[in-house]
């Protein structure tokens with residue numbers, strides 16, 4: 001396996017560097033694995049019972065709005081500009 005300095009080979013993707021790929025994979029596994037315990041903690045925190053379907057759907061919707069907002073913020077930071085959806089992107093595709 002050939003090792004190279006990332007600063008000397010700018011054309012090479014950062015994902016080709018094994019430590020970055022490994023750390024990203026571990027981070028994703030931890031983040032994904034923490035979802036179920038976090039949901040159970042939220043049910044207890046907000047006192048949502050197993051028969052309260054509407055409350056569970058509201059909690060899921062809130063989680064998705066927060067996740068979407070975080071994604072837009074993260075993408076804006078990476079793009080170094082505000083990512084604002086265009087008016088036409090909200091409509092259904094033909």
Condition (residue is closer than 29 Å to residue 14 by Cβ and within 14 Å of the chain's Cα centre (by Cα)) applied to segment 35-48: is it met by at least one residue?
yes
Can you name the condition, by its number, that residue 43 falls short on among (1) part of a helix (DSSP H, G or I); (2) loosely packed, with under 10 Cβ neighbours inside 10 Å; (3) modelled with pLDDT of 90 or more?
(2)
Going by the structure shown, is residue 62 closer than 24 Å to residue 31 by Cα and not assigned by TED's automatic domain parsing to the domain that holds residue 35?
yes
Being within 18 Å of residue 70 (Cβ to Cβ) and touching a helix residue (DSSP H, G or I) at 6+ places or on another chain (Cβ under 8 Å) is the filter here, so list the residues in segment 25-57 that pass it.
39, 42
Looking at residue 51 and the list (1) under 25 Å from residue 34 (Cα atoms); (2) assigned to a helix (DSSP H, G or I), which single condition is not satisfied?
(2)
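The values are calculated or read from the model by the stated rules, or taken from the named source; none is laboratory data. What you are looking at is a predicted structure, and each value in this text was computed from that prediction instead of being measured. Cβ sites come from the backbone with ideal geometry, for glycine too, and all protein chains shown count toward neighbours.
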